[in-house]
1. Restrict the search to the range A:26-92; then list the chymotrypsin sites (Phe, Trp or Tyr not before Pro) that DSSP places in a loop and that have at most 16 other Cβ atoms within 10 Å of their Cβ.
2. Tell me, what ³J(HN,Hα) does each residue in the range B:411-425 have, in order and in whole Hz, if you take phi through Karplus 6.51 cos²θ - 1.76 cosθ + 1.60 with θ = phi - 60° and put x for Gly and Pro?
3. Give, rounded to the nearest 20 debye, the magnitude of the charge dipole that chain B has about its Cα centre when Lys and Arg contribute +1 at Cβ and Asp and Glu contribute -1 at Cβ.
4. Determine the dipole magnitude for the range A:35-94: charges of +1 sit on the beta-carbon of Lys and Arg, -1 on that of Asp and Glu, nothing else is charged, the reference point is the Cα centre, and the result goes in debye to the nearest 20.
5. Once you list every other residue whose beta carbon is under 13 Å from the beta carbon of residue B:366, what net charge do they have if Lys and Arg are +1 and Asp and Glu are -1?
6. Given the range B:350-404, what whole percent of its Cα pairs are spread farther than 12 Å?
7. For the B and A pair, go ahead and give the buried accessible area with a 1.4 Å probe, both sides summed, in Å² to 100.
8. Could you tell me what a quarter of the Cα convex hull surface of chain B works out to, in nm² with one decimal place?
Amino acid sequence: MSHTDHAASFPEPATRVPEDDDPVAACPYCDRPFQGEHARDLHVGEAHDPTPEERDRYEAALDVERDDLWLFHARAVIGLGVTYTATVILYMAVLGSGIV
Amino acid sequence: MTDGDEKRDPSAGVVDRTLSSVRRAGRQTGRHAGLATLALVALTGTARAHSGSLGGAVTSATVPTWLTVLTGGVVVGASFLFTTLLTDHEAMRAVNWWRAGLPSPPGVWRVVRGGVGALAVVALAAVVAIGLVGPTTPTRNLALLVVWAGWWAGYTISTYLVGNTWPAVNPWRALAAGVGRVLGRARSEVRSSLPERWGVWPSVVGLLALVYVEVVSPIGQNPRLLAAVIVGYSVVTVAGAVRYGAAWFDRVDPVSRVFAAYGRVAPLQRDEDGLSLRVPGTALTDEPLGERPGETAFVVALLWVTTYDGLVATPTWANAVEPVVSVGVPALLVYVLVLVAGFGLFLGVYRLASRRVRDSAETYVTATEIERWFAPALLPIAAGYHLAHFLGYFLALSPALAAVVANPLAPPETVALVLPSWFSTFRLLCVLGGHVLAVWVAHSLAFELFPGVLAAIRSQFPSVVVMIFYTMTSLWVITQPYVPPPFV
């Protein structure tokens, strides 16, 4: 009798806006401030019950996320490849394979 | 490294040594090609095959310590990059929130709890009695073996590999309840309360003090002294628990808090639904640490004291302390200063990283909030390091422990269990396993804190740097040969 429908109840995190900063956006439901509309739109879509207009904005923000994430993942995969190769070459050098 | 190091068996001759030196004996052979197998199985496999088949024509290659340590850092960094590919929040929750309910009828539970508690009180009395009058040979004394091998090593391992049973076992809880009854007070009646603003800081101080006493005093070898320390601890704990009630075990007693913290890593969890089985470590993703002052500091202290315990037994430490003590600084002062300064450094690094998250994730969430949000991810690191540190010690001494428990007053001579040579590799894997689990926990928690995917990923950059720092520190300590802590 296993299940995964347990909903962990995460509290709304405490926030602090620096004095010389003007928050660009805030959540209309819970007043949480955000440094950009992008993060606010995502938050509203994820954490609240959005109006149709907010849902459109949420989906637009998700599209932007998808593009940025693709770029990030490309970098991550290249990073993994470079790290792997560098480690192999380092081991070859240290263990004296005779190739390096 | 030398061949001599490699051949020195981690547990050979264990029974001849004092317990405290045995405690770190398992660490001695970590210097050779441990991590090579992890990162580059094929490569090292070839190197070994060559040296084997050519029978000495090719000299066997060993991985230097710095490369072992560096590889550890690379593995943690790479596992973070790999985790960033997992961005399906619902799928992550499916893993993290999976649970299988286990039957736990309240009636049976109460009986088991009462029985275990009574048994623990008897065991405590036996430990103190045998500590005072039993044999003084460390490996034949019940008190030393039960406390260090059975409890500090073995029982602690069970709290994060199985589940935290300490609230039921804790003999001081039962004793305090008994004393309370004798004084004619109801269980819930509490005479006074600790100031709220202290939070759980008393337990942080208690943990540092406990480890300090463990390192600098001979309670690892002297059963009489150990019994005296246990009696002292019992008096303080029972008095505290009678005066402050359950808050004592929740906010002051470092032992209960250590087990509670480790218990969150375990697969067996107790919550409002009763007993349940979870994927190990996933209970850490349920919620951030509490808001009381000192919660984060306690987790960082737990991580630091395990490192400190190993650090003071390295040749580097001995070489560094010698000149300081020779100019007249008391050795005990040096030990306490490094204990406190190291804790400050670990906490400072973690706080700095939390502050940096505000920039990397472009968020207004406060640094304090970020600290306590990600702190559960440090617990698998502490558990992995504890396992690497103590599993070999526990296994090596388990025959002696069994013999002494069977015949406490006149135990037969026993031999220590000799661990296979691959055990040192296994120890390095424990450290790395803890860190990789920590990366997953931090990743999961980040998704609960920040909206979207990219902010959650970026928020982990500073903590990954910190984890790499912790991994490399732990691996360096674990690969050092054992030297008894000097001047104490």
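1. Hits after loop and neighbour filter: A:29.
2. Whole-Hz 3J(HN,Hα) from phi for the range B:411-425: x, x, 5, 10, 9, 7, 5, 8, 8, x, 5, 6, 4, 5, 5.
3. That gives a dipole near 800 debye.
4. Once rounded to the nearest 20, the dipole reads 580 debye.
5. Around residue B:366, the charge tally is +2.
6. Details: 1063 of 1485 pairs.
In whole percent, the share of Cα-Cα pairs in the range B:350-404 beyond 12 Å is 72.
7. Details: alone 21420 and 8490 Å², together 25880 Å².
Result for this pair: about 4000 Å² buried.
8. On the way: hull surface 103.9 nm².
The directionally averaged projection comes out at 26.0 nm².
The values are calculated or read from the model by the stated rules, or taken from the named source; none is laboratory data. Predicted model only: the values in this text are computed from it and were never measured. Neighbour counts run over all protein chains shown; Cβ positions are idealised from the backbone, glycine included. Calculation scope for accessible area: heavy atoms of the full protein, side chains included, ligands and nucleic acids excluded. Shrake-Rupley method; radii C 1.70, N 1.55, O 1.52, S 1.80 Å.
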